[in-house]
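What follows is a single structure, and I will ask about it in a moment.
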Amino acid sequence: MHLSVFNTVPIQYYLLISTVLFCIGVFGVLFRRNAIIMFMSIELMLNAVNLLLVAFSTFHNDANGQVFVFFIMAVAAAEVAVGLAILVTIFRNVHSVDIDELKQLKH
Amino acid sequence: MAFYIFLFLSAIAVFCGLMTILSRNPIHSALYLIGCFFAIAGHYMLLNAEFLAIVHIIVYAGAIMVLFLFTVMLMNLNEESENHKPALSKIAAVVAAGLLGFVLIAALLRADTTAVPQLPEGNIGQIKTLGKVLLKEYLFPFEFASILLLVAMIGAVLLAKKEKPVDKLAGDVN
């Protein structure tokens, strides 16, 4: 029987760190205009959620949470591949990844 | 001891996350994000999820960030390429993210986590346990994940492919 981390670190601390990381991700999406940095912020948000899933999975001793993290990783990989392909296409046409340049649909 | 490791990893994760957002150079952002991912992998180690920690490093630091770095290098972005946002929208971003964090922390820290019965200790982070759950209870979503990855791969290739010039059979539309 091994020592659980929850003997010394309360689960509330994991809630706190995950919330802080998630809010940094939200902040990045709102703050930056570079589409690549916004993608990185989305990855940060996904990782904050993953961290909390693993923490509660260990806390409740339930493997389902960690299996969910696997699926989130698979979906994140697919999302990044398609998203970056779209970005490359946008860059080829507009010569910029600034989201303020993408106003063609507005008028 | 575990508490200090937790604090150390959390400090690295938050610092690298912030520097990801605040760096002017996209390459620096990507490198800071890799640091953040390693800190999160350390958290997984601390939580006895060894297999997930390794998979996290392989998938995120190994595959996804390499993809990001390749894209950044392909576009040849430098620091001057980004214009400044108006100050009002920057302030709005700070306020919105701060308020969201405030609401989430206020709501989550009051959650009653002691009401849930704590099960006896076990090694659920091991690949043996996770593989059994993944291939018994989640076999169908597992297969769908493979289809999703295949479709994403084909879609990425189709999207990023250079468009051929219009051939003569298609008529002279252009």
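To the nearest whole number, what is the average tally of beta carbon atoms from other chains within 10 Å of the beta carbons of peptide B:12-21?
Mean number of neighbouring Cβ atoms from other chains: 6.
In debye, nearest 20, what is the charge dipole magnitude of the protein assembly as shown about its Cα centre with +1 on Lys and Arg Cβ and -1 on Asp and Glu Cβ, if you could check?
Its charge dipole is roughly 300 debye.
Restricting things to alpha carbons, find the Rg to Rh ratio for the stretch A:10-106 using the Kirkwood radius for Rh.
Radius of gyration relative to Kirkwood radius: 1.10.
Once Lys and Arg get +1 and Asp and Glu get -1 on their Cβ, which of B:P141, A:L105, A:A63 lies farthest toward the positive end of the dipole of the protein assembly as shown?
Most positive-ward Cα: A:L105.
Per the helix-only calculation at 222 nm, which mean residue ellipticity applies to the protein assembly as shown, given -39500 (n - 2.57) for every DSSP H run of n ≥ 4 and division by its residues, nearest 500 deg cm²/dmol?
-23500 deg cm²/dmol
Averaged per residue, what accessible surface does the stretch A:10-106 expose to a 1.4 Å probe, in Å²?
36
On to the next question. Indicate the gyration tensor shape class of the stretch B:1-76 (rounded, prolate or oblate), computed on the Cα atoms with a ≥ b ≥ c the square roots of the eigenvalues: a/c under 1.5 is rounded; otherwise a/b larger than b/c is prolate and the rest oblate.
Cα axes put the stretch B:1-76 in the oblate bin.
So if I take the centroid of the Cα atoms in the stretch B:1-35 and the same for the stretch A:67-107, what is the distance between those two points in Å?
The stretch B:1-35 and the stretch A:67-107 have Cα centres separated by 23 Å.
The values are calculated or read from the model by the stated rules, or taken from the named source; none is laboratory data. Just so you know, these numbers come straight off a predicted model, no measurement behind them. When we count neighbours, we look across all protein chains shown, and the Cβ atoms used for this are built from the backbone with ideal geometry, even at glycine. When the accessible area is computed, the model is the full protein with side chains, heavy atoms only, and any ligands, DNA or RNA have been set aside. Shrake-Rupley method; radii C 1.70, N 1.55, O 1.52, S 1.80 Å.
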